[in-house]
Amino acid sequence: MTPAAPAVIRAENLAFTPAGRTDPLFSGVTLAIRPGERVGIVGPSGSGKTTLGYHLCGAHRLALAGTTAGALAFDDGCGLGGAPPGFAGLVAQNPESQLFCDTIAEEVTLGLRSRGVAPAACEATTTALLARYGLQDRRDDSIAGLSLGRKQLVAILSMLAIVPRVLLLDEPTSYLDAQAADRLFAHLRALCRDEGWVALVIEHDLRRLAGFADRFLAMDGGRLVYDGPPAEFPQRPGLPRRRRPAAPANDGAGPALRLRGVRFAYGRDAPVLDGLDLTLARGEVVALGGGNGAGKTTLLRLIKGLGKPAAGSLELAPGRNPGRDVGLMLQNPDAQIFAHTVAAECGYWPANLGLPPAEIEARVREALAGLGIGHLADRSPFTLSFGEKRRLCLAAVLAGAPPILCLDEPTTGLDDANMAVMAEVVRRQATSGRAVLLATHDPDFAACVATRRVRLEGGRAVEEAKPPGGAP
Amino acid sequence: MKPRLAVLRRAAAPSKFAFALSLCAYAFACQDWRVLAAIIAILAGLLAASGEWDRGVWLLFGVFAAGLPTLLVLFVLGGVEKSGSWTEGTLLGLGWLGLFALRLFVLVLADVLVVKWTGFSDMLLSLRALGLPAKAVLFVSAMVGLLPRAFALARQVVEVQRCRGLAPKQLARPRHLLALFVPVFLIQMRRATDLALSLELRGIAAAAATAGLRPPFGPGDALFLAAALAIWTEPVLNLVRAWTI
């Protein structure tokens with residue numbers, strides 16, 4: 001655990017070239033990581049962070065197609081062919097694709113059972129982990145019915161349970177609420193300090209990451225451009241806080257959306273929303289906060305008409321209908337793309353609205369350019385990076401020009417630059433008279449764009465606060 | 001919350017497989033419709049009591065009902081061919097169809113029971129415990145979850161498309177079907193890779209001693225195995241009687 005301890009991971013002039021490409025995705029990476037280190041891997045989207053992370057935990061041979069050059073060693077054994085069994089754990093960006101079992105407890109226990117650990121020990125480990133993260137009463141809950149945040153947490157717990165020596169977490173807090181994220185980082189810190197785990201965390205939230213990591217590896221353009229303590233890492237300016245849209249003027253036209261006493265439950269479960277009241281005016285940006293499972297996604301889905309409240313009323317402005325006039329961007333961009341090109345994806349809604357081709361083309365061009373992905377119009381959306389997919393999903397909603405926008409975690413997977421673009425787009429929508437309701441765990445983003453913040457707790461909007469700073 | 005009929009549900013997957021297999025074989029050996037009807041009632045009761053009689057089970061019956069007219073024609077024609085008159089043939093065909101339907105229900109309900117009561121992880125680890133190669137187990141695991149995951153994904157994609165203006169009736173058009181199947185296939189492939197990586201890191205494919213994976217033998221296992229043997233008591237006794245006479 002001391003700085004003199006031998007390195008667990010050692011890379012020398014490491015490079016990786018994906019199959020079908022001649023230029024390396026990253027190259028010239030030389031580093032050594034010792035037991036107990038907490039390493040943050042940072043850099044802009046597409047800089048090679050995830051690919052490097054997969055190499056450093058020895059999962060590259062299983063997950064990536066391509067050629068690795070240079071030297072890579074785990075505990076001084078050659079690691080070019082991958083890490084030894086049990087050496088590493090990994091939680092990738094999309095939690096939904098890593099879950100296999102029916103229930104939370106089954107998922108967390110699977111790794112232990114597969115190693116032949118005695119049932120009593122499996123049970124003890126699982127119970128302790130679930131209790132630590134407040135899931136002890138939900139152990140038999142179906143995973144399919146969990147929120148994306150809880151799914152992410154379960155995916156992380158299933159890897160914590162197997163006690164790996166190196167744990168790679170790719171955007172681990174993207175869907176977690178602040179409380180769960182803090183709890184996770186505190187737990188990881190203790191494991192690194194007491195057990196000598198190596199934690200490799202890829203994260204866009206540099207402020208949160210700096211509070212956890214004791215070392216930053218910064219990638220840019222496929223090169224390791226910084227390797228040192230977070231305190232000395234050159235920080236980019238954060239989101240501009242003073243450019244929030246002004247609070248909407250009362251034009252007497254009535255609210256764009258009004259919810260009164262809305263109640264909703266999944267099946268026979270306890271209600272997710274219970275007596276919720278909310279009003280959204282034109283030109284307003286309301287940031288919806290609340291812990292994982294608080295009902296944020298459910299609320300946005302109800303507004304889009306993907307479910308019906310069991311009680312209460314949900315009213316749009318006269319003449320509006322949710323199918324045409326509400327645009328919903330869901331949380332997971334991987335589950336929202338289906339067309340053969342980026343342009344076709346973006347033009348899907350305008351085409352369904354029966355618009356003439358020239359109008360569709362103009363809308364697509366404007367929406368893609370507005371989010372900085374105009375140059376990707378002819379690419380297959382499935383080949384985009386996570387952040388690019390996220391922006392495409394928003395462009396595809398904006399192309400339909402709905403007067404009400406519901407955005408579920410719009411900043412997930414975005415780096416600082418792209419988050420600033422996203423903030424600008426949201427502000428522009430509000431300025432043009434659209435009503436925007438966004439669910440976010442990112443307080444900086446909420447402070448930057450929202451005219452009002454609402455927190456969901458126990459199925460109700462229990463707290464409303466003006467963001468600090470006031471409208472310009 | 002403790003699941004209902006926990007003793008039976010917690011039995012090891014091989015015991016449940018043995019029970020279902022025995023029941024399916026017996027259904028085709030048994031000629032007595034009353035016995036088959038009783039087995040169906042018991043299986044349906046167990047499913048309902050465990051809270052697993054859901055829309056999916058009703059859907060299976062719906063599929064059977066949809067195919068009933070074709071089966072009716074086939075069985076009645078078969079009956080007429082065997083007998084001398086239309087009336088006798090129709091009755092004979094209906095009798096055959098009744099027996100066939102009862103056997104089919106036993107098969108379906110026994111399989112549904114095993115699937116609903118066996119977690120994916122139990123299935124996976126049982127296969128490893130049987131000594132199957134790790135890669136084969138990973139493949140089977142991916143296949144087991146393929147259909148339900150593909151359906152869930154397809155529903156998700158349709159939902160997203162509906163959010164962007166797709167009218168339900170448009171789904172019947174080939175262009176829209178293509179826009180459904182291609183992404184489902186691509187996303188499924190990507191997810192299968194991620195899942196295989198996750199399972200491999202969790203040691204599913206590790207060359208560990210498979211003996212350690214063998215599930216403990218509990219009261220549920222004893223009940224399943226006893227039931228699997230008990231249903232053969234009468235046929236075996238009949239055989240013994242015939243042999244001694």
Given the criteria surrounded by 19 or more Cβ atoms within 10 Å (Cβ to Cβ), within 14 Å of chain B (Cβ to nearest Cβ) and on the phi > 0 side of the Ramachandran plot, does A:Gly58 qualify?
yes
Looking at (1) within 15 Å of the chain's Cα centre (by Cα); (2) within 30 Å of B:Gly95 (Cα to Cα); (3) more than 14 Å from chain A (Cβ to nearest Cβ), which one does B:Ile42 not meet, given that it meets all the others?
(1)
Report, by residue number, each residue of segment B:1-39 that is within 16 Å of B:Lys116 (Cα to Cα) and β-branched (Val, Ile, Thr).
B:Val7
Please go through segment A:313-345 and give me each residue that is of a type in the set (A, V, I, L, M, F, W, C), in a loop (DSSP other than H, G, I, E, B) and either at pLDDT 95 or above or farther than 20 Å from B:Leu171 by Cα (or both), ordered by number.
A:Ala317, A:Leu330
Kindly indicate the residue of segment A:152-176 that is β-branched (Val, Ile, Thr) and assigned to a loop (DSSP other than H, G, I, E, B) and also farthest from the other protein chains (Cβ to nearest Cβ) among those meeting that condition.
A:Thr173
Quick one: would you say B:Gly131 is surrounded by fewer than 19 Cβ atoms within 10 Å (Cβ to Cβ) and at pLDDT below 80?
yes
Residues (surrounded by fewer than 23 Cβ atoms within 10 Å (Cβ to Cβ) and aliphatic (A, V, I, L, M)) located in segment A:162-175:
A:Ile162, A:Val163
Quick one: is A:Ala65 loosely packed, with under 15 Cβ neighbours inside 10 Å and more than 7 Å from chain B (Cβ to nearest Cβ)?
yes
Tally the residues that are among the hydrophobic types (A, V, I, L, M, F, W, C), at pLDDT below 60 and surrounded by fewer than 13 Cβ atoms within 10 Å (Cβ to Cβ), restricting the search to segment A:247-269.
1
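Residue-by-condition table, conditions (1) more than 30 Å from A:Pro381 (Cβ to Cβ); (2) not small (Gly, Ala, Ser):
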{"position": "B:Ala110", "(1), (2)": "yes, no"}
{"position": "B:Trp117", "(1), (2)": "yes, yes"}
{"position": "B:Gly131", "(1), (2)": "yes, no"}
{"position": "B:His176", "(1), (2)": "no, yes"}
Would you check which residues across segment A:4-54 are touching a residue at least 24 places away in the same chain (Cβ under 8 Å) and among the hydroxyl-bearing types (Ser, Thr, Tyr) and list them?
A:Thr17, A:Ser27, A:Thr30, A:Ser45, A:Ser47, A:Thr50, A:Thr51, A:Tyr54
For B:Gly165, the lone unmet condition from (1) free of Cβ contacts under 8 Å to residues at least 24 places away in the same chain; (2) surrounded by 15 or more Cβ atoms within 10 Å (Cβ to Cβ); (3) assigned to a helix (DSSP H, G or I) is (3)
Looking at B:Ala49, is it exposed (fewer than 13 other Cβ atoms within 10 Å of the Cβ), closer than 30 Å to A:Pro119 by Cα and in contact (Cβ under 8 Å) with a residue 24 or more places away in the chain?
yes
Is at least one residue of segment B:7-24 touching a residue at least 60 places away in the same chain (Cβ under 8 Å), among the basic types (Lys, Arg), within 14 Å of chain A (Cβ to nearest Cβ) and in a helix (DSSP H, G or I)?
yes
I'm checking my understanding of the structure. Among residues of segment A:348-390 that are closer than 24 Å to A:Glu171 by Cα, of a type in the set (Gly, Ala, Ser) and more than 14 Å from chain B (Cβ to nearest Cβ), which one is surrounded by the fewest Cβ atoms within 10 Å (Cβ to Cβ)?
A:Gly372
When restricted to B:Val158, B:Val182, the only residue surrounded by 15 or more Cβ atoms within 10 Å (Cβ to Cβ), at the interface with another protein chain (Cβ under 8 Å from one of its Cβ atoms) and at pLDDT 75 or above is B:Val182
All conditions in (1) part of a helix (DSSP H, G or I); (2) modelled with pLDDT under 90 are true of B:Ala227 except (2)
Scanning segment A:324-342 for residues that are free of Cβ contacts under 8 Å to residues at least 60 places away in the same chain and among the aliphatic types (A, V, I, L, M), the one farthest from the other protein chains (Cβ to nearest Cβ) turns out to be A:Val342
Hey, any hits in segment A:181-204 for a residue that's in contact with a His (Cβ under 8 Å, 6 or more places away or on another chain) and acidic (Asp, Glu)?
no
Just checking, does segment A:216-239 include any residue being at pLDDT below 95, surrounded by 13 or more Cβ atoms within 10 Å (Cβ to Cβ), within 23 Å of the chain's Cα centre (by Cα) and more than 22 Å from A:Ser45 (Cβ to Cβ)?
no
Hey, any hits in segment A:270-279 for a residue that's out of contact with any Asp or Glu (no Cβ under 9 Å at 6 or more places or on another chain), surrounded by fewer than 16 Cβ atoms within 10 Å (Cβ to Cβ), part of a loop (DSSP other than H, G, I, E, B) and within 14 Å of chain B (Cβ to nearest Cβ)?
yes
Could you tell me which numbered condition A:Asp23 fails, if it satisfies all but one of (1) crowded, with 17+ Cβ neighbours inside 10 Å; (2) in a loop (DSSP other than H, G, I, E, B); (3) charged (D, E, K, R)?
(1)
Please work out which residue is farthest from the chain's Cα centre (by Cα), limiting yourself to segment B:189-206 and to residues that are surrounded by 18 or more Cβ atoms within 10 Å (Cβ to Cβ) and more than 7 Å from chain A (Cβ to nearest Cβ).
B:Ala205
Looking only at segment B:105-125, decide whether some residue is among the hydroxyl-bearing types (Ser, Thr, Tyr), more than 14 Å from chain A (Cβ to nearest Cβ), in a helix (DSSP H, G or I) and in contact with a helix residue (DSSP H, G or I) (Cβ under 9 Å, 6 or more places away or on another chain).
no
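The values are calculated or read from the model by the stated rules, or taken from the named source; none is laboratory data. Predicted model only: the values in this text are computed from it and were never measured. Cβ atoms come from the backbone with ideal geometry, glycine included; neighbour counts cover every protein chain shown.
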